[in-house]
Amino acid sequence: MSESAVIEEVKTNPQGDVITSAPPPKADAKKGAASQRVVSPDYLMLQAPREAVFMTGSEAAKEAIRRANVDIAISYPITPQSETMQQVGYLYAEGYLKDYYRGEEEYGVMSAIAGASRAGVRCLTATAGPGLIRGMEVIASWPGGRLPSMLLIMCRVINAPLAIQPDNVELSYMLNTGGILFHAENQQDFYDYILAGFMIGEKPEVTLPVAVAVDGFFVTHARGWVSLPSADIKLPPRDCYHEAVPMMDNENPPIRISRDAPIQKSNFISYHMHASWQQEVWAAQARANKWVKRWMGSPIEVVNPTAKTIIVASGAMVSQSREAVRQASEQGIEVGLVKIKSLRPFPSQELVEAVDGADRIIVPEFNYVGWLAKEVRSAIPRTERVISGPRVFGGMTMPTELIMSYVKGRR
Amino acid sequence: MVMMNRGAVYEVLPGPEGILPPAATVMGVCLPEEGEGLLHGRIVSEEEAMRSAAIAMLTRRNPTLFPGPLMLWGWTEHTRDKSAPFFEVAREIPGVRIIPMPDYRPIYPKIDPEAVINPCHPNLTIWHNKIEACVLIGVHCHFANVTLKIIRGGTNCFTIALCAEAGHEDAMSSVPNVGAEKIARFAEILRLVKKEGVKPLYAGQGIIPSGWAQVASLGGSAGGQNGAFVDNGLSHHGLSHDLEHGLDENEE
Amino acid sequence: MSLETIRVAPGFKEYLPREYQDLVDDGPFGRERKVSEVGSFKEAVEEHPMCAGCAMTLFIRTAIVALPSLENTVIIGTAGCGRLVLSQTAVPFIYGNYGDTNAVASGLKRGLAIRFKDKPKDVVVMAGDGGLADIGFSAVMHSWFRKERFTTVMLDNEVYGNTGGQESGMTQRGAILKMAPLGKKFEKMDMMGLAKTAGVAYIARVVPTNATRVANTIRKAVLIAREVGPTYVQAYTSCNIEYAIPTPKVMDDARMIEQQRYGFSEYFTDEAKSYWEHYERERRQVKGPDGESED
Ligand SMILES: Cc1ncc(C[n+]2csc(CCOP(=O)(O)OP(=O)(O)O)c2C)c(N)n1
Ligand code: SF4
């Protein structure tokens, strides 16, 4: 782990969850929520003065949600996600959200999010590993339904044997749904990407669900510095009549809305309609890029662009790679780094340009299958430059020495 | 994934482009900002996009306006305000038809291509009426984009999207943030290009009988005929518009 | 006001398809309609591709007439036969994944409650027995335990009709169907009993032999869901195709099943009962004897 992500001594249960007692809401608990005022997304994300606070990833998410003007959150416990949605529960108790409940299980939760999004409210849920896979039938149907919503993913092993360790193979399943997917490196990103995500997904030309992923424990349960604007400002509410599809509230035309056209027939017209529909979903995802640039700086971050060896990474692996870049420079080796912030839309063009001068591209990952290396390969020319790995999985941390051995060409 | 066609700039031109033309967005076409428009996938001024749209509507065969639900139903003052300029536009295009897209469901058992256009198979309406220029207005963006791609794939129609939101890359010409004022501006531009010498393909003024108005004038009568309801004694109004035999849209 | 959504923008009426013109002039919006009036107004249900003579069609058609406030209703369906007609009906219709109805309805109803505080929005689930009792079972039960305020209507044809006639949990024991080659080996699920256990406010079982009774049951279920808590209507809607019931005999079959094992029954919680009595009293005062139920 990089220095910014120091894991503190915290009391945990056998599952590794932080043990916290749920304080009853104080009498004046709702004062903070009531005094919040709506500001423009640009002001909240780009201009408002900020102060740095040392906090966990779960707390960073909470602070984003506090300022996100969320209407409803639906939760279901799973380590290492539970802490965040418990915190969101306290926000509800304090009046920052209008509704909140624990759903029956993830399929039900994801379906309820689909219902809430169709009702025109801003909605949020979070899950991890097996929960994500359980909800996947629904999650994969959100983009085609054109359902803006926010899904936080705290990555965790999904393969048997059952385990709670961080391993982000689950994100490979998220790459093909058509939805937007950001991968946060640290607590600060987790805070920033959530707010940007809400606004991007609700843009009329985008109208898509957004998922913000972090690597479990490494980010959720570790502390880092997060610079935050004041808690008395929040995003504007969802503007649901300015989206790509009508709301299912019986308040907007047409009266006969069958938004999810039942076209499951075997004829060319059905194939054609479905094909054009899918193309539109992926086009909508591509349209998000403009807003990614506006509110997240760029879909990638580049360090040492002229280096001949460049590491391409996403999520917590970026922190490890930064450390490798630093160690390498101490040894007089120049190594570059491309951080992929947005996995969907995938920043192909930006990546091609960023690695244009590189001879070797190293892709370290926290999973067995190497999905990021495959993504990089399919985006850039001269793929023989891509060295797929190093990879650790099953919850292991990535020793910087392992990255260094790749840098030095020993692997 | 953005599948850039590096080097060559993708042009959004009247088709038929063949099976599954790509979404223009993934070919690198970007949406215009306020004051701009799109023409064949290039960002141009709003004026230029509107001019080309006007010329297409005046000079191509069977120009047609396709008002969608957000134009047809006066559910807000904003939509009600758009009606008058919409018909002003219509009156400036000799021989124009008005065929609505009243909703987005796959209509059972098949659409009447003279009465409606539907996002599941907009090409049927374009082919049947030999439409070579059209304006989509008041259609929700998702369904407009689905429609525009199918039209570009299978027809030679010049598509124009006057969009209340961000605009449409899949149309040959598109303008964003279109409210009553910009619709009125389009009527003005139609007058202007005519004054500058663009000769309309059709003589005379305004709208020809079209949509249900045309079907009705030809003696179209309501009444389901396929016996889908055996308990038909219940109904006196009958169902839907007149239907000819055609593709069964809902066969499982 | 949601009636604005069927107010035609100036100048467009003559261009609208006849079905929409009729809905605007003489539709079911903004007033309650009785089944006895059917035939004298434009119904919300439009032409659809369900099998000729299917009892489910008749039931749905009657149920739609009975909805107390069509312009404030959203219907949720799922894969299965019923959605073929629901998707053609002039009311917003949600069609998601198979078996997701009651979870979607929970999110939708809560979302609508957030946005429209003072205006009741009726959410009605209409789905098959497979959709509700099998694949959607957990979502159904939990929506009831959570006391979500919407109506669940089971279109119980005792079979997976849409996929070609397989056994469902609601199939009668012994019935030989696809995937039950030796006959179903366990009893029909007692969803009425489960509803009671879960605390559903109003529970009814009905067969579409009496349209007025169907209408009254649906109206009751929707109004009680609006004010009190979850409601459940289980309707026998035979599948004449999979059970090989000759089309002209569909109603005979329904009457027979009704007599043998599917008689009308309803159950109210105390709260639902007192609400309903209050509602009926008020209605009689406003409307006179005419305001009474039709049966
Ligand atoms: C997740 C999933 N599993 C299975 C199916 C296949 N499927 C579609 S409809 C259906 C059966 C419908 O039966 P029922 O719910 O009883 O309604 P009916 O058609 O009898 O009205 C099934 C199994 C599906 N669409 N999705
Ligand atoms: S398959 Fe059965 S339930 Fe489905 S429409 Fe036909 S008769 Fe009705």
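Suppose we filter B:Ala171, B:Ala115 for residues that are part of a loop (DSSP other than H, G, I, E, B), within 28 Å of B:Val29 (Cβ to Cβ) and more than 12 Å from chain A (Cβ to nearest Cβ); which single one remains?
Details: B:Ala115 fails: within 28 Å of B:Val29 (Cβ to Cβ).
Going through B:Ala171, B:Ala115 in turn, the sole match is B:Ala171.
Here is a check on your reading of the model: is B:Pro63 within 14 Å of chain A (Cβ to nearest Cβ), within 16 Å of B:Ile131 (Cβ to Cβ) and open to solvent by less than 10 Å² (accessible area, probe 1.4 Å)?
Working: within 14 Å of chain A (Cβ to nearest Cβ): no; within 16 Å of B:Ile131 (Cβ to Cβ): yes; open to solvent by less than 10 Å² (accessible area, probe 1.4 Å): yes.
It is false that B:Pro63 is within 14 Å of chain A (Cβ to nearest Cβ), within 16 Å of B:Ile131 (Cβ to Cβ) and open to solvent by less than 10 Å² (accessible area, probe 1.4 Å).
How many of the residues making up segment C:122-147 are open to solvent by less than 10 Å² (accessible area, probe 1.4 Å) and away from ligand 2 (no atom under 16 Å from the Cβ)? Show your work before the answer.
Here is the first cut: in segment C:122-147, the residues open to solvent by less than 10 Å² (accessible area, probe 1.4 Å) are C:122-127, C:129-133, C:136, C:139-140, C:143-144.
Restricting the remaining residues to those that are away from ligand 2 (no atom under 16 Å from the Cβ) gives C:122-125, C:136, C:139-140, C:143-144.
So the answer is 9.
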Identify all residues within segment B:176-231 that are modelled with pLDDT of 85 or more, in a loop (DSSP other than H, G, I, E, B) and open to solvent by less than 20 Å² (accessible area, probe 1.4 Å); write none if there are none. B:Pro176, B:Val178, B:Gly179
Within segment C:121-136, count every residue that is out of contact with any Leu (no Cβ under 9 Å at 6 or more places or on another chain) and within 11 Å of another protein chain (Cβ to nearest Cβ). 2
Note on segment C:97-115: residues surrounded by fewer than 24 Cβ atoms within 10 Å (Cβ to Cβ) and within 7 Å of chain A (Cβ to nearest Cβ) are C:Asn97, C:Ile114, C:Arg115
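State yes or no: is C:Val125 more than 13 Å from ligand 1 (Cβ to nearest atom), within 19 Å of C:Ile60 (Cβ to Cβ) and either touching a residue at least 12 places away in the same chain (Cβ under 8 Å) or within 15 Å of the chain's Cα centre (by Cα) (or both)?
Working: more than 13 Å from ligand 1 (Cβ to nearest atom): no; within 19 Å of C:Ile60 (Cβ to Cβ): yes; either touching a residue at least 12 places away in the same chain (Cβ under 8 Å) or within 15 Å of the chain's Cα centre (by Cα) (or both): yes.
The answer is no for C:Val125.
Provide a single number: the residues in segment C:227-248 that are among the polar types (S, T, N, Q), within 14 Å of ligand 2 (Cβ to nearest atom) and open to solvent by less than 20 Å² (accessible area, probe 1.4 Å).
Going residue by residue through segment C:227-248, those that are among the polar types (S, T, N, Q) are C:231, C:234, C:237-238, C:240, C:247.
Right, trim to within 14 Å of ligand 2 (Cβ to nearest atom) and you get C:237-238, C:240, C:247.
Filter again for open to solvent by less than 20 Å² (accessible area, probe 1.4 Å), leaving C:237-238, C:240.
Of the residues in that region, 3 qualify.
Restricting to segment C:161-179, name every residue that is open to solvent by 30 Å² or more (accessible area, probe 1.4 Å), within 14 Å of ligand 2 (Cβ to nearest atom) and at pLDDT 95 or above. Give the steps one after another, and end with the answer.
Going through segment C:161-179, the residues open to solvent by 30 Å² or more (accessible area, probe 1.4 Å) turn out to be C:162-163, C:167, C:172-174, C:176, C:178-179.
Pick out the ones that are also within 14 Å of ligand 2 (Cβ to nearest atom) and you get C:162-163, C:178.
C:Lys178 - this is the single residue of segment C:161-179 that is open to solvent by 30 Å² or more (accessible area, probe 1.4 Å), within 14 Å of ligand 2 (Cβ to nearest atom) and at pLDDT 95 or above.
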Go through segment A:48-80 and give me each residue that's touching a helix residue (DSSP H, G or I) at 6+ places or on another chain (Cβ under 8 Å) and of a type in the set (Asp, Glu). A:Glu59, A:Glu63, A:Asp71
Are there any pairs with C-beta distances below 7 angstrom linking a residue in segment C:157-184 that is aromatic (Phe, Trp, Tyr) to a residue that is within 8 Å of ligand 1 (Cβ to nearest atom), with the two at least 6 apart or on different chains, and if so which? C:Tyr160/C:Gly130; C:Tyr160/C:Gln166; C:Tyr160/C:Ser168
Selection from segment C:73-89 of residues that are more than 13 Å from ligand 1 (Cβ to nearest atom) and at pLDDT below 95: C:Ser87, C:Gln88, C:Thr89
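Among the residues of segment C:180-201, is any at pLDDT 95 or above, within 16 Å of ligand 1 (Cβ to nearest atom), among the small types (Gly, Ala, Ser) and open to solvent by less than 10 Å² (accessible area, probe 1.4 Å)?
Yes: segment C:180-201 contains one or more residues that are at pLDDT 95 or above, within 16 Å of ligand 1 (Cβ to nearest atom), among the small types (Gly, Ala, Ser) and open to solvent by less than 10 Å² (accessible area, probe 1.4 Å).
Anything in segment C:12-63 that is of a type in the set (A, V, I, L, M) and either part of a loop (DSSP other than H, G, I, E, B) or more than 16 Å from ligand 1 (Cβ to nearest atom) (or both)? List them, or say none.
If we filter segment C:12-63 for residues that are of a type in the set (A, V, I, L, M), which is where we start, we get C:16, C:23-24, C:35, C:38, C:44-45, C:50, C:52, C:55-56, C:58, C:60, C:63.
If the condition is that a residue be of a type in the set (A, V, I, L, M) and either part of a loop (DSSP other than H, G, I, E, B) or more than 16 Å from ligand 1 (Cβ to nearest atom) (or both), then C:Leu16, C:Leu23, C:Val24, C:Val35, C:Val38, C:Ala44, C:Val45, C:Met50, C:Ala52 are the ones that fit.
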In this structure, does A:Gly179 turn out to be over 24 Å from A:Phe217 (Cα atoms), open to solvent by less than 10 Å² (accessible area, probe 1.4 Å) and within 14 Å of the chain's Cα centre (by Cα)? yes
Search result, residues across segment B:102-112 that are more than 9 Å from chain A (Cβ to nearest Cβ) and either open to solvent by less than 10 Å² (accessible area, probe 1.4 Å) or closer than 25 Å to B:Gly204 by Cα (or both): B:Ile107, B:Ile111
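Please note which helices (runs of 4 or more DSSP H) are completely contained in segment A:331-411 and include at least 3 residues that are farther than 18 Å from A:His183 by Cβ and at pLDDT 95 or above.
Values: elements: A:348-354, A:371-379, A:400-407.
By residue number, A:348-354, A:400-407.
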So is C:Pro49 within 12 Å of ligand 2 (Cβ to nearest atom) and in contact with a helix residue (DSSP H, G or I) (Cβ under 8 Å, 6 or more places away or on another chain) or not? yes
Expected single match for in a loop (DSSP other than H, G, I, E, B) and at the interface with another protein chain (Cβ under 9 Å from one of its Cβ atoms) among B:Ala144, B:Ala164 is B:Ala164
Positions within segment A:320-339 being open to solvent by 10 Å² or more (accessible area, probe 1.4 Å), touching a residue at least 60 places away in the same chain (Cβ under 8 Å) and either among the hydroxyl-bearing types (Ser, Thr, Tyr) or within 12 Å of A:Val407 (Cα to Cα) (or both), in sequence order: A:Gln327, A:Ile333
Tell me which residues, restricted to segment C:207-266, are assigned to a helix (DSSP H, G or I), away from ligand 1 (no atom under 16 Å from the Cβ), in contact with a helix residue (DSSP H, G or I) (Cβ under 6 Å, 6 or more places away or on another chain) and within 14 Å of chain B (Cβ to nearest Cβ). C:Ala211, C:Thr212, C:Val214, C:Ala215
Of all residues in segment A:223-249, how many are crowded, with 22+ Cβ neighbours inside 10 Å and in contact with a strand residue (DSSP E or B) (Cβ under 8 Å, 6 or more places away or on another chain)? 5
Of the numbered conditions (1) touching a residue at least 24 places away in the same chain (Cβ under 8 Å); (2) within 11 Å of another protein chain (Cβ to nearest Cβ), A:Met150 satisfies every one except a single condition; which is it? (2)
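Kindly indicate whether A:Ile200 is within 16 Å of A:Leu44 (Cβ to Cβ), open to solvent by less than 10 Å² (accessible area, probe 1.4 Å) and either within 12 Å of the chain's Cα centre (by Cα) or touching a residue at least 12 places away in the same chain (Cβ under 8 Å) (or both). Don't jump to the end; show me each part of the working.
Values: within 16 Å of A:Leu44 (Cβ to Cβ): yes; open to solvent by less than 10 Å² (accessible area, probe 1.4 Å): yes; either within 12 Å of the chain's Cα centre (by Cα) or touching a residue at least 12 places away in the same chain (Cβ under 8 Å) (or both): yes.
The answer is yes for A:Ile200.
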Subset of segment A:272-306 [open to solvent by 30 Å² or more (accessible area, probe 1.4 Å), more than 10 Å from chain B (Cβ to nearest Cβ), part of a helix (DSSP H, G or I) and within 15 Å of A:Gln349 (Cβ to Cβ)]: A:Lys293
Which members of segment A:232-267 meet the condition of being closer than 16 Å to C:Gly96 by Cα, more than 7 Å from every other protein chain (Cβ to nearest Cβ) and at pLDDT 95 or above? A:Met247
Considering only residues that are polar (S, T, N, Q) and not in a helix (DSSP H, G or I), look in segment C:64-75 and name the one that is nearest to ligand 2 (Cβ to nearest atom). C:Thr73
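Going by the conditions given, is C:Arg18 buried (at least 21 other Cβ atoms within 10 Å of the Cβ) and within 20 Å of B:Glu114 (Cα to Cα)?
Against the criterion (buried (at least 21 other Cβ atoms within 10 Å of the Cβ) and within 20 Å of B:Glu114 (Cα to Cα)), C:Arg18 qualifies.
The values are calculated or read from the model by the stated rules, or taken from the named source; none is laboratory data. In this text the structure is predicted, and so the values were computed from the model without any measurement. Every residue, glycine as well, gets a Cβ built from its backbone with ideal geometry; the counts of neighbours run over all protein chains shown. Heads up: the accessible areas ignore ligands, DNA and RNA and are worked out on the full protein's heavy atoms, side chains in. Shrake-Rupley method; radii C 1.70, N 1.55, O 1.52, S 1.80 Å.
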